[in-house]
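Note sheet for the following structure.
The values are calculated or read from the model by the stated rules, or taken from the named source; none is laboratory data. No experiment lies behind these values; they were computed from the predicted model shown. Here the Cβ positions follow ideal geometry from the backbone for every residue, glycine too, while neighbour counts run over all protein chains shown. The protein model used for the area step is the full one, side chains on, heavy atoms only, and it has no ligands, DNA or RNA in it. Shrake-Rupley method; radii C 1.70, N 1.55, O 1.52, S 1.80 Å.
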Amino acid sequence: MDKLKSKFHEKSAALRKELRGLVKEHGTLKVDEVKLGQVYGGMRGVKSMIWETSNLDPNEGIRFRGYTIPELREKLPKFQDGKEPMPEGLFWLMLVGEIPTQEEVNWLSDEWERRSEIPDHTFAALNSLSADTHPMTQFSIAICSLQSNSVFARRYAAGMSKLDYWDATYEDAMNLIACLPRIAAYIYRRTYHRGEHIDPDNSLDWAGNFAHMLGVTDNEEFKKLMRLYLTIHADHEGGNASAHTVHLVGSTLSDAYLSFASGMNSLAGPLHGLANQEVIKWIMEMIDSLGTETPTKEQIAEYVQATLDDGKVIPGYGHAVLREPDPRFTAQRVFAEEYMSDSDLIQTVWKIFDVVPPILQGLGKVKNPWPNVDAHSGAILSHYGLTEYSYYTVLFGVSRALGVLAALCWSRALGFPLERPKSVTSDWIKDYIKENA
Ligand code: CMX
């Protein structure tokens, strides 16, 4: 058994034992109460699931196993003498709760490279799709097509014991994560570059190799960006739509491939991950409509107002949990300040940041007027030549695999049951009000 797997087994078996006792002793302890507004309001804030890999504070933002993004940038191992963390290190941290050594992260890079062979039928499935199929649809189909490799599905069919679910899920998670850069790059090249594919460079790390296979630019900064990008998008606790979808589907014992593909279909919605393409589309339309690449704050304010008057949301702003600027936005801003602060597009993103919050605050209903992760990413990607914005959510998806699949390993190891909350009808609610209000 490899070192990561045996560490995970040791830690998860100990927690499983502890939790059994804890639930037995305190199972009736109230941890929350649900209000009618939450029942009709998308279950905001209802504490109803366990997610070990990260936690989201409304004001401070995300912490991965207790570490903030600036701390991860400092503490996680780097590729060669680079400054950005390697996503391999974050996966290790999320899975076993320890910052790995450089040697451990290098091992994980090599291990993912070893597991990265894609079956021919996955390429054939992608090649059968029309080139205008949305990249997220292609991504989801490719992931489903890989499911024939599922160790969990094969061992389940052969009568695997419940106690081994964690083991087969770990194998699936590792294999799937290993394959994602190649698949995602294949989708990019077939959709936007006449199917001229670029072979992997196995001297590179997971994120660096992905950047290489995308073939957008020779600029080494783009590899650094991918390391940062694939780290900061990886996890956002368990209640967000894509993570929760993976959790829900996984709770039926669907394997990691089917569960993750479902999560990607959820990420593909414009209120969630697709917002990263919507942001840059909205900015480009604004630039076109104003006829200038350097709009003033006054011009931006008018355009924002016109968007709201048309009954649309301002993409990249607002959040269901956060109540302050998203630290993932700030991390990208810090990167942009270092490498491209004189870009007109980046300057526009920063002006939008000054203009939008007071306007949204003025509406009196928006709970969080601040930018989220999606407000910044498109401008940085465009700077390096990745201008095909309908591809952006695939990048988010590749990263999101790290968190949701580490969490799926925990769900299987802790023996979580089928998820099945209770629904009621509006008639039931009306009767309840009559009797209780
Ligand atoms: N622009 C305009 N109106 C907004 C808004 C925005 N950016 N954010 C929220 N509102 C509106 C809501 O549409 C809602 O209006 P109605 O009452 O008329 O329906 C009202 O403000 C209250 O919403 P809220 O409680 O503040 O926000 P929610 O928790 O319901 O929704 C979110 C959160 C992210 C869906 C919402 O802020 C939004 O639509 N933002 C734009 C899309 C976006 O950037 N999504 C990406 C989020 C991050 C990610 O998952 O990747």
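The alpha carbon centroids of the range 352-399 and the range 227-293 are separated by 12 Å.
Computed in the context of the full set of protein chains, the accessible area of the chain at 1.4 Å probe radius has 51% of its extent on carbon or sulfur. Where only DSSP H runs of four or more residues are counted, the chain gives -19000 deg cm²/dmol as its mean residue ellipticity at 222 nm, each run worth -39500 (n - 2.57).
Computed from point charges on the beta carbon alone (+1 for Lys and Arg, -1 for Asp and Glu), the dipole magnitude for the range 1-87 about its Cα centre is near 300 Debye. The HN-Hα couplings worked out from phi for the range 212-228 by the Karplus form 6.51 cos²θ - 1.76 cosθ + 1.60 (θ = phi - 60°) are 4, 6, 5, x, 6, 7, 8, 5, 4, 4, 5, 5, 4, 4, 4, 4, 5 Hz, whole numbers, x standing for Gly and Pro.
What is the sum of charges around GLU388, taking Lys and Arg as +1, Asp and Glu as -1, for the other residues whose C-beta is under 15 Å from the C-beta of GLU388?
Taking every Cβ under 15 Å from that of GLU388, the sum is +1.
Surface calculation, 1.4 Å probe, protein heavy atoms: GLU33 sits at approximately 110 Å² accessible. Return the whole-Å distance between the Cα centroid of the range 40-117 and the Cα centroid of the range 157-186. Between the Cα centre of the range 40-117 and that of the range 157-186, the gap is 19 Å. Summed over the residues of the chain and divided among them, the accessible surface reaches 45 Å² per residue at a probe radius of 1.4 Å.
In terms of its alpha-carbon gyration tensor, the chain comes out oblate; a/c meets the 1.5 threshold, while b/c is at least as large as a/b. The label-point distance for GLU324 and LYS434, in a model that sets each label 7 Å from Cα toward Cβ, rounds to 4.8 nm. In terms of its C-alpha gyration tensor, the range 275-383 comes out oblate, because a/c is 1.5 or above while a/b does not outweigh b/c. A Gaussian network model of the chain, with springs between Cα atoms under 10 Å, assigns the largest mean-square fluctuation among VAL424, VAL313, VAL105 to VAL424. Subtracting the Cα-Cα distance of THR296 and TYR156 from 0.36 nm times their residue separation leaves 44.4 nm of extension gain.
Report note on the peptides 73-86, 292-305: ranked by the mean count of other C-beta atoms within 10 Å, highest first, their order is 73-86, 292-305.
Suppose the chain between ASP309 and TYR40 were pulled fully straight at 0.36 nm per residue; how much longer would it get relative to their current alpha carbon spacing?
Details: separation 269, 0.36 × 269 = 96.84 nm, distance 2.56 nm.
Gain on stretching ASP309 to TYR40: 94.3 nm.
Summarising the label geometry, the points placed 7 Å from Cα in the beta-carbon direction at THR217 and ASP132 lie 3.0 nm from one another. When each of the peptides 20-30, 255-265 is scored by the mean number of other C-beta atoms lying within 10 Å of its residues, the order from highest to lowest reads 255-265, 20-30. Subtracting the Cα-Cα distance of HIS121 and SER390 from 0.36 nm times their residue separation leaves 94.4 nm of extension gain.
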